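The values are calculated or read from the model by the stated rules, or taken from the named source; none is laboratory data. This is a predicted model, so every value here is computed, not measured. Here Cβ is always computed from backbone atoms with ideal geometry, including for glycine, and neighbour counts include all displayed protein chains.
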Amino acid sequence: MTRMLALLGKELADLRRNRALFYPALITGAASILIPFFVAVVVPYLAGERLADSGDFKMAVDMYRTQPLSRRLDPEGAIQAWVFQQFLLLLVLTPIAGAMSVAAYTVIGEKQARTLEPLLATPITTTELLVAKVLGSLIPACGLAIGSFAVYVLLVAIFAKAGVFLMLLSLRSVAIVFLLAPLAALAALQLAVCVSSRVNDVRSAQQIGALLILPLTGLLVAQLTGSVQLTGGLISAIAGGLAVVNIVLLAVGIRLFDREAILTQWK
Amino acid sequence: MLIASHLTRRFGDRVAVDDTSYTLEPGEILALLGPNGAGKTTTLRMLAGLISPSAGSVSVNGETMTPATAPRLRGHIGFLTEAPGLWDRLTVRQNLQVYARLHGLPKQAHAVDAVMEMFNITDRAGDLCAQLSKGLKQRVALARTLLHKPNIILLDEPTSGLDPASAREFRDLIVRLQDEQHSVLLSTHNLDEVERVATRVAVLRTRLIAVDTPAALHARLFGSRLRVELGQPAATFSATVAGPGVTDVAVIDNALSIAVDDPGDRAPAIVRRLVSAGADIRSVVPEERSLEEVYLKLLSEESDS
């Protein structure tokens, strides 16, 4: 545990001086925040029309009228709440992007900087090393996602209809940000660590992130078209699935991290 | 103490190290010599518990290195890798602190301060490692290697690329480690360095060609010879020096190169005979070949065989 914490501390100290690694996540976070604002606030304002006047959003109004928290919202507020909630799934991409940038570099970067061999010469075990590497990417990435969520809620409170921001503080929304996002990020970065243990190129490890970004994007589209409702039950099921995936990936990561191959076959 | 017993490492069909055995005693500096690709780094990695031997074993302080014992035994070994391998975005102190925690040292701050003091890098403690010169990086890396007070120290090309002053500091430090009864294994191509510090030399080319003291290797390959410088042409006296224990005499201008079984015992009689014959003796010294000649001859003989 002490050794794991020692390496984790090093990872975090290293990241503090290499903030550029988080630019992709910052851009993703900013885009995730801005896109729903364009849809729910900016476009209607520029067009001089209300979303509630369009029949396309009738489903949103109907859906939100059935939820106790939204009953006091007017139709425009209910539609805004629907849009902001649907796009909340985009915030899950922020920690994935952050984790991927860091995690892909985590083993390959050490090897390229020739810092891995002295590290492996200490009593640290493979499990301690991998857990430290994974947490070193996950903690800042999740911090970024939570920060983005706070900014999102704040902007909704300022620019959207009164009371809409309360809809973002529902259990469902909190579960997406605080449960689904970290689990998805953890799976993405464990995949990246697995890949970075076996390849010599950071880009190869980063591309593996597409494996998780694609289904999440599909889920977002399915939600927007009404094919899927991201209910509390579905969120729990996805979270449970991701938890299992993460346990399997940890075991696979430990098996794939071959000290000897990394030291003797990488050039 | 470190014991390598029939150590072998194969990578697929290629044999990198073949059946090498030797012991590294406390207070000893064993130099590991060999051409590029001879298996030196592979040997060091096996001794450091980073890779497993395909056959044979490594014993550290009486305990055999296995995948289960390797993490703990690595704590008794200090391994200076060929590259300093410092985290560039961390300061000197931060680098050492992380390793102090990785080794589970009890008084980490004190240990870090002590080792920085020992290597005279305290004034650079707050500098990022990226800002250090190559010599300073190497010094920090050696500080990291010795931080946990290992009794076995493995050094892979420690003075490669260092300026002469830094290399000399390094050699002084290696000798200091020997005085403190550390066991030091030094892998290098720098034969001059080996001549200055090593107590024994191991020559490796996949298999161990020789392991002995430099003097013993020299005597085995070239025999013991005395060189007598005269004030006149030496050819006149070549027959004069013949006697018990003298096996060969060669004339080189005004000097005689005399092969003897024991230079210390035979020198007085040889000098007496030469003086009696009227030779004007300028100097009598044991004839020494450089380690480079010894090394090249060993490799050459191994190739021929």
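Could you check how many residues of segment B:86-109 are in a helix (DSSP H, G or I), of a type in the set (D, E, K, R) and in contact with a Leu (Cβ under 9 Å, 6 or more places away or on another chain)? Please lay out each step first, then the result.
First, the residues of segment B:86-109 that are in a helix (DSSP H, G or I): B:92-102, B:108-109.
Within this subset, residues satisfying the condition of being of a type in the set (D, E, K, R) are B:93, B:101.
Still in the list and also in contact with a Leu (Cβ under 9 Å, 6 or more places away or on another chain): B:101.
Total satisfying the criteria: 1.
Checking A:A81 against (1) within 14 Å of chain B (Cβ to nearest Cβ); (2) surrounded by 23 or more Cβ atoms within 10 Å (Cβ to Cβ); (3) not aromatic (F, W, Y), which single condition isn't satisfied?
Of the numbered conditions (1) within 14 Å of chain B (Cβ to nearest Cβ); (2) surrounded by 23 or more Cβ atoms within 10 Å (Cβ to Cβ); (3) not aromatic (F, W, Y), the odd one out for A:A81 is (1).
If you scan segment B:74-85, which residues turn out to be part of a loop (DSSP other than H, G, I, E, B) and facing chain A (nearest Cβ under 7 Å)?
We begin by selecting, within segment B:74-85, every residue part of a loop (DSSP other than H, G, I, E, B); these are B:81-85.
Those that are part of a loop (DSSP other than H, G, I, E, B) and facing chain A (nearest Cβ under 7 Å): B:T81, B:A83, B:G85.
Taking B:V17 as meeting all but one of (1) of a type outside the set (D, E); (2) in contact (Cβ under 8 Å) with a residue 60 or more places away in the chain; (3) surrounded by fewer than 18 Cβ atoms within 10 Å (Cβ to Cβ), write down the number of the exception.
Just one mismatch for B:V17, condition (3).
Tell me which helices (runs of 4 or more DSSP H) are completely within segment A:74-131 and hold 1 or more residues being free of Cβ contacts under 8 Å to residues at least 12 places away in the same chain, or say none if there are none. Please lay out each step first, then the result.
Details: elements: A:75-86, A:93-112, A:116-120.
Counting at least 1 such residues, we get A:93-112, A:116-120.
If you check every pair at least six apart or on different chains, which have Cβ atoms under 9 Å apart with a residue in segment A:177-206 that is among the aromatic types (F, W, Y) first and a residue that is at pLDDT 80 or above second?
A:F178/A:C142; A:F178/A:A145; A:F178/A:I146; A:F178/A:F149
So which of A:G147, A:G136, A:G143 is under 20 Å from the mean Cα position of the chain (by Cα) and without any contact (Cβ under 8 Å) to a residue 60 or more places away in the chain?
Numbers: A:G147 fails: without any contact (Cβ under 8 Å) to a residue 60 or more places away in the chain; A:G136 fails: without any contact (Cβ under 8 Å) to a residue 60 or more places away in the chain.
Selected residue: A:G143, the only one of A:G147, A:G136, A:G143 that is under 20 Å from the mean Cα position of the chain (by Cα) and without any contact (Cβ under 8 Å) to a residue 60 or more places away in the chain.
Can you name the residue in segment B:89-113 that is of a type in the set (D, E, K, R) and at the interface with another protein chain (Cβ under 7 Å from one of its Cβ atoms) and is also farthest from A:A132 (Cα to Cα) among such residues?
If we filter segment B:89-113 for residues that are of a type in the set (D, E, K, R), which is where we start, we get B:89, B:93, B:101, B:107, B:113.
With at the interface with another protein chain (Cβ under 7 Å from one of its Cβ atoms) added as a condition, the list becomes B:89, B:101.
Values: B:R89: 18, B:R101: 13 Å.
Ranking the candidates gives B:R89 first.
If you go through segment B:78-129, how many residues are among the aromatic types (F, W, Y) and under 21 Å from A:R17 (Cβ atoms)? Steps first, please.
In the first step, residues of segment B:78-129 are kept if they are among the aromatic types (F, W, Y); the result is B:79, B:87, B:99, B:119.
With under 21 Å from A:R17 (Cβ atoms) added as a condition, the list becomes B:87, B:99.
Residues meeting the conditions: 2.
Identify, by number, the condition in (1) in contact with a Leu (Cβ under 8 Å, 6 or more places away or on another chain); (2) assigned by TED's automatic domain parsing to the domain that holds B:I152 that B:T206 doesn't meet.
Unmet condition: (1).
Checking the structure you have, find out if any residue of segment B:247-267 is among the acidic types (D, E) and in a helix (DSSP H, G or I).
yes
Scan segment B:114-145 for residues that are among the aliphatic types (A, V, I, L, M), within 14 Å of another protein chain (Cβ to nearest Cβ) and in a helix (DSSP H, G or I) and jot them down.
B:A130, B:V140, B:A141, B:L142, B:A143
Which of (1) charged (D, E, K, R); (2) at pLDDT below 90; (3) buried (at least 21 other Cβ atoms within 10 Å of the Cβ) is the odd one out, the single condition B:R176 does not satisfy?
Of everything listed in (1) charged (D, E, K, R); (2) at pLDDT below 90; (3) buried (at least 21 other Cβ atoms within 10 Å of the Cβ), B:R176 misses just condition (3).
Just give me the residues in segment A:200-221 being surrounded by 17 or more Cβ atoms within 10 Å (Cβ to Cβ) and at pLDDT 70 or above, in sequence order. Don't jump to the end; show me each part of the working.
Step one: list which residues in segment A:200-221 are surrounded by 17 or more Cβ atoms within 10 Å (Cβ to Cβ), which gives A:202, A:205-206, A:208-209, A:212-213, A:216, A:219-220.
The answer is A:I213, A:L216, A:L219, A:L220.
Evaluate segment B:58-71: report whether one residue or more is polar (S, T, N, Q), within 26 Å of B:H189 (Cβ to Cβ) and within 13 Å of chain A (Cβ to nearest Cβ).
Step one: list which residues in segment B:58-71 are polar (S, T, N, Q), which gives B:59, B:61, B:64, B:66, B:69.
Still in the running and within 26 Å of B:H189 (Cβ to Cβ): none.
No.
Name the one entry in A:L169, A:L155 that is under 14 Å from A:Q85 (Cα atoms), over 14 Å from the mean Cα position of the chain (by Cα) and surrounded by fewer than 16 Cβ atoms within 10 Å (Cβ to Cβ). Can you show your working first?
On the way: A:L155 fails: surrounded by fewer than 16 Cβ atoms within 10 Å (Cβ to Cβ).
It is A:L169.
In the set B:V241, B:V201, B:V194, which member is part of a strand (DSSP E or B) and either farther than 28 Å from B:S305 by Cα or within 12 Å of the chain's Cα centre (by Cα) (or both)?
Values: B:V241 fails: part of a strand (DSSP E or B); B:V194 fails: part of a strand (DSSP E or B).
Result of the check over B:V241, B:V201, B:V194: B:V201.
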